[in-house]
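Before any comments, here is the structure.
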Amino acid sequence: MKKTVLLLFILSVCYQCKKQPASPTGLVTEQAMVVSAREEASRIGSEIMQKGGNAFDAMVATEMALAVAYPFAGNLGGGGFMVYRKENGEIGGLDYREKAPLSAHKDMYLDSLGNVVPKMSTVGATAVGVPGTVAGVMEVHEKYGSLPLKDILQPVIKLAKRGVIVTEKQAKRLDSYKERFIEVNGDSTKFALGFKMGDTIKYPELANTLESILENGKDGFYKGEVAQKLATFIQDRGGFVTEEDLAKYEAKWRQPIVFNYKDLKVISMSPPSSGGVTINQILKMMEPYNVSSYGHNSLKTVQLFTEASRRAYADRNYFLGDPDFVDIPLDVLLSDSYLTKRMADFSFEKATLSSAVSHGMVDIVESRETTHYSIVDADGNAISATTTLNGGYGSKLYSEELGFFLNNEMDDFSAKPGVPNMFGLIGAEANSIAPEKRMLSSMTPTIVEKDGKLYMVVGTPGGSTIITAVVQTILNVYEFNLSMQDAVNAPRFHHQWLPDMVTFEEEGFSVDLKSQLESKGYKILEGRTPIIGKVDAIRVLSNGKLEGGADKRGDDTAIGF
Ligand code: GLY
């Protein structure tokens, strides 16, 4: 009898241990936090909240500060997506994705023989889509902001004038891109100078552009002098964006994708981002399995995740595009019966070949150089936002007069269905080019609730790997009980249907694991592999405090109070 009681006690303690969420290992704050790719941007966002601003004010400040401090992906010349959850549970999504110019057409990147013209959609003015970021932040401020725009933009303008200190990682990046900057902009460009760690880069021209936005709001960018200079600059270099394109640009509010995974509620971005739909499919395909029992990054976890991703990416590439232009059968693609059927041929014994998957029987390669930031304010309002120029420094085209880089987002369309883009993603008709259409994205700003309360804010750069990095981070916390910081730092792997290859980050996966996978028919990308995502996230602890997860792969920093 005594023994039975003791056993029951031990079992109950073990059960409690398992249920205890991991202790935090990242920065913990009492009330509010911003996690972004640069300390300067996180600080400005956090200070805005300390001055009484809400998470939406902080979003405007952080997004603009990233354009100054992190021009690799932060931008005025690009676009992005934002998902929010207010403290009262109200949710929404904002699409400030770039769009194709009015003169765009399906075959604009093909030569007379119908072949894709190399570099035309990736480098220089011809690659530029109509930027959406300024419209996005102005829309957020108008609808949900609480502080005057002056209070939000002044610190950013000051930062642009004072300058930003070059970090070691940034110095390496600037150096590795230098020749490409010169190729596109000539050798008189600011970025031909070469910068080393500890140098300060000042952006007085960008400060002027921000002043114009401060004075005239959205019109300070999309109309008048800035718009005229921008359109002339792009067109003089052979690009397509006109003053009319700029004047017509509008950010769009969209209903996010919302689904349950076990006892979580996941809120993520809807098309024209593929992020929400694809993480919905992956997690729902994994849901019937006892994932936590397989172990973190174990053979079974890698297999299950890979097979769910293979099937989800095949659907992504075939069915998804701008919902204002294509009908996406979301009710079917996200239904339990469809996803169960999709996994019916999965077995732990043997890899499924991607050639055998294709897209589902329903009657549908990106850059890794995006950036993400997560925000929670003192009232519990949460913002998850991902923004990009597409490639690192976008098209590399830099307006010396206006002080910012222009995107190369036109490459996220499928220039020719069936031909991979710069990230190896093979697109279909749904994502073909049309005037004013938005190109498909993988950006996956996501917010997770547990028991009806805010649980996590998460997102990452990484092109096509964004989706897998976001799902793995959620699983790391929820299934494998890692702290937010450990979940973000943990090694990641990726599969995107085509090419039929599992990519592992260099550190953290054993030779034995890889050979077991190979023996089951998985193809593994050999040689040097890139990092997979650079996740910035926030977890709400059971005592209401916030834990930041600032990815160790970059200069990412959590700041709060
Ligand atoms: N350009 C990367 C993405 O939109 O997913």
Legend entry - Using alpha carbons only: equivalent-ellipsoid semi-axes of the chain, gyration tensor based, whole Å: 37, 29, 21
Inset, instruction - For segment 242-326, compute the number of Lys pairs whose alpha carbons are separated by less than 27 Å, excluding pairs fewer than 8 positions apart on the same chain. - result: 6
Legend entry - Separation in nanometres of the label points that stand 7 Å from Cα toward Cβ, at residue 512 and residue 526: 2.2
Legend entry - Accessible surface of the chain [probe 1.4 Å, protein heavy atoms]: carbon and sulfur percent: 52
Inset, instruction - Report the one residue of 391, 115, 45 whose Cα lies farthest in the direction of the positive end of the charge dipole of the chain (charges on C-beta: Lys and Arg +1, Asp and Glu -1; origin at the Cα centre). - result: 45
Inset, instruction - Arrange the peptides 261-272, 542-553 so that the one whose residues have, on average, the most other Cβ atoms within 10 Å appears first. - result: 261-272, 542-553
Inset, instruction - Sketch the reach of a paramagnetic label on residue 325 as a point 7 Å from Cα along Cα-to-Cβ, and name the residues of segment 80-105 whose backbone nitrogen lies under 18 Å away. - result: 80-81, 95-105
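Compute the length gained on full extension between residue 47 and residue 102: take 0.36 nm times their separation in residues and subtract their Cα-Cα distance, giving the result in nm to one decimal.
My answer for the length gained is 15.8 nm.
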Inset, instruction - Report, in deg cm²/dmol and to the nearest 500, the calculated mean residue ellipticity at 222 nm for the chain, where each DSSP H run with n ≥ 4 adds -39500 (n - 2.57) and the sum is divided by the residue count. - result: -11000 deg cm²/dmol
Legend entry - Separation of alpha-carbon centers, segment 20-94 and segment 147-161, rounded to whole Å: 15
Legend entry - Backbone N within segment 155-176 under 20 Å of label point (7 Å from residue 199 Cα along the Cβ vector): 159-176
Inset, instruction - Return the distance in nm (one decimal) between the two label points of a simple spin-label model at residue 111 and residue 290, each offset 7 Å from Cα along Cα→Cβ. - result: 5.9
Inset, instruction - Work out how far the C-alpha atoms of segment 50-163 reach from end to end along every principal axis, then list the three figures in whole Å, largest first. - result: 59, 38, 19
Legend entry - Ranked by how many other beta carbons lie within 10 Å on average, peptides 335-347, 400-412 from highest: 400-412, 335-347
Legend entry - Check: the chain dipole with +1 on Lys, Arg Cβ and -1 on Asp, Glu Cβ, in debye: 1480
Inset, instruction - Quick one: check the C-alpha center-to-center distance for segment 176-230 versus segment 278-298, whole angstrom. - result: 44
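How big is the dipole moment of segment 407-561 about its Cα centre under a simple scheme where the beta carbon of each Lys and Arg is +1, that of each Asp and Glu is -1, and everything else is neutral? Debye, nearest 20, please.
160
Which of the peptides 91-98, 252-259 is most tightly packed, and how do the rest follow, going by the mean number of other Cβ atoms within 10 Å of each residue? Present the calculation step by step, with values, prior to reporting the outcome.
Details: 91-98: 25.1, 252-259: 17.8.
Listed from highest to lowest mean packing, they are 91-98, 252-259.
The values are calculated or read from the model by the stated rules, or taken from the named source; none is laboratory data. As the structure is a computational prediction, the values presented were derived from the model and not from experiment. For neighbour counting, all protein chains shown are included, and Cβ atoms are generated from backbone atoms with ideal geometry for every residue, glycine included. Each accessible area value is taken on the protein alone, full model and side chains, heavy atoms only, with ligands, DNA and RNA left out. Shrake-Rupley method; radii C 1.70, N 1.55, O 1.52, S 1.80 Å.
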